[in-house]
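J.: First, the structure itself, so that you have it in front of you.
The values are calculated or read from the model by the stated rules, or taken from the named source; none is laboratory data. None of these values were measured; they are calculated from a predicted model. Don't worry about glycine lacking a Cβ; one is built from the backbone with ideal geometry, like all the others, and counts go over all protein chains shown. The accessibility values were calculated without ligands, DNA or RNA, using every heavy atom of the protein model including side chains. Shrake-Rupley method; radii C 1.70, N 1.55, O 1.52, S 1.80 Å.
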Amino acid sequence: TRPCRAAPTCVPRTSKSRTTSWTDFIRTHVELLAGTDFFTAEVLTLRGLVTYYVLFFIHLESRRVDIAGLTVHPNEAWMVQVARNVTMEEWGCLSPGQYLIHDRDAKFCAAFQRIIDDAGIERRDDHRPEKRRRDRQPGAQGEGRRRVAAGLIVTPERGQVRGRGRGLAEGSIF
């Protein structure tokens with residue numbers, strides 16, 4: 001390595017080897033890691049084709065997917081309610097001491113982040129480029145999309161969406 005000469009803020013190259021890499025962090029904490037993201041589902045209603053945003057959580061160790069909710073408009077109020085639901089002690093899918101990985105999508109608003117932080121869950125922004133992140137998680141979104149698509153029924157009453165199957169309450173309206 002070359003010695004640092006002039007700048008007082010210069011960090012010697014040997015210190016870089018002391019930091020934990022992203023791969024090592026995941027390998028070390030896999031039992032405590034959960035990831036969250038959105039995918040879209042096109043649903044044919046009486047009003048035509050509607051795009052629903054589906055928020056899901058995946059537990060990395062077990063690869064269990066929890067559908068947190070779906071909506072046409074994922075605004076701040078909806079995100080706050082989802083954050084409250086997933087951090088509830090009795091039946092939420094996140095618990096204190098876990099790490100939550102999410103991207104920097106604007107839908108993960110400050111109020112959502114604050115509720116997650118207050119629940120004792122440490123957030124990690126996935127700052128890697130989109131292509132690399134998708135390559136490292138093959139099928140994670142596809143699996144969730146297939147599970148949700150298999151569980152959605154369009155009903156004639158005002159084009160409501162009803163859920164059925166594993167992970168969705170029978171006949172529950174979203």
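J.: If you check 76, 90, which single one turns out to be within 23 Å of residue 109 (Cβ to Cβ) and of a type outside the set (Lys, Arg)? Steps first, answer last, please.
T.: Numbers: 90 fails: within 23 Å of residue 109 (Cβ to Cβ).
Checking each option against the conditions leaves just 76.
J.: To continue, here is another question. Please verify whether residue 29 is under 20 Å from residue 117 (Cβ atoms) and in contact (Cβ under 8 Å) with a residue 60 or more places away in the chain, treating the condition exactly as stated. Please lay out each step first, then the result.
T.: Numbers: under 20 Å from residue 117 (Cβ atoms): yes; in contact (Cβ under 8 Å) with a residue 60 or more places away in the chain: yes.
The answer is yes for residue 29.
J.: When the range 29-43 is examined, which residues are found to be of a type outside the set (A, V, I, L, M, F, W, C), surrounded by 12 or more Cβ atoms within 10 Å (Cβ to Cβ) and part of a helix (DSSP H, G or I)?
T.: Within the range 29-43, just 29 meets the criteria.
J.: Give me the residue from the range 71-88 that is open to solvent by less than 20 Å² (accessible area, probe 1.4 Å) and in contact with a Leu (Cβ under 7 Å, 6 or more places away or on another chain) and, out of that set, farthest from residue 44 (Cα to Cα).
T.: It comes out as 86.
J.: Just to be sure I understand, how many residues within the range 101-148 are farther than 23 Å from residue 42 by Cβ, among the basic types (Lys, Arg), at pLDDT below 85 and touching a strand residue (DSSP E or B) at 6+ places or on another chain (Cβ under 6 Å)?
T.: 1
J.: On to the next question. Which condition breaks for residue 91 when tested against (1) of a type in the set (Phe, Trp, Tyr); (2) modelled with pLDDT of 95 or more; (3) surrounded by fewer than 15 Cβ atoms within 10 Å (Cβ to Cβ)?
T.: Against the list (1) of a type in the set (Phe, Trp, Tyr); (2) modelled with pLDDT of 95 or more; (3) surrounded by fewer than 15 Cβ atoms within 10 Å (Cβ to Cβ), residue 91 comes up short only on (2).
J.: Write out, first by first residue and then by second, each pair whose Cβ atoms fall under 8 Å of each other, whose residues are 6+ apart or on separate chains, and whose first residue, in the range 109-121, is at negative phi while the second is basic (Lys, Arg).
T.: Listed pairs, sorted by first residue: 113/123; 115/84; 116/123; 117/123.
J.: Can I ask one more? Quick check on the range 104-125. Is at least one of its residues of a type in the set (Asp, Glu), under 24 Å from residue 26 (Cα atoms) and open to solvent by less than 40 Å² (accessible area, probe 1.4 Å)?
T.: no
J.: What number of residues within the range 44-69 satisfy the criterion of being more than 13 Å from residue 34 (Cβ to Cβ), in contact with a helix residue (DSSP H, G or I) (Cβ under 7 Å, 6 or more places away or on another chain) and open to solvent by less than 40 Å² (accessible area, probe 1.4 Å)?
T.: 2
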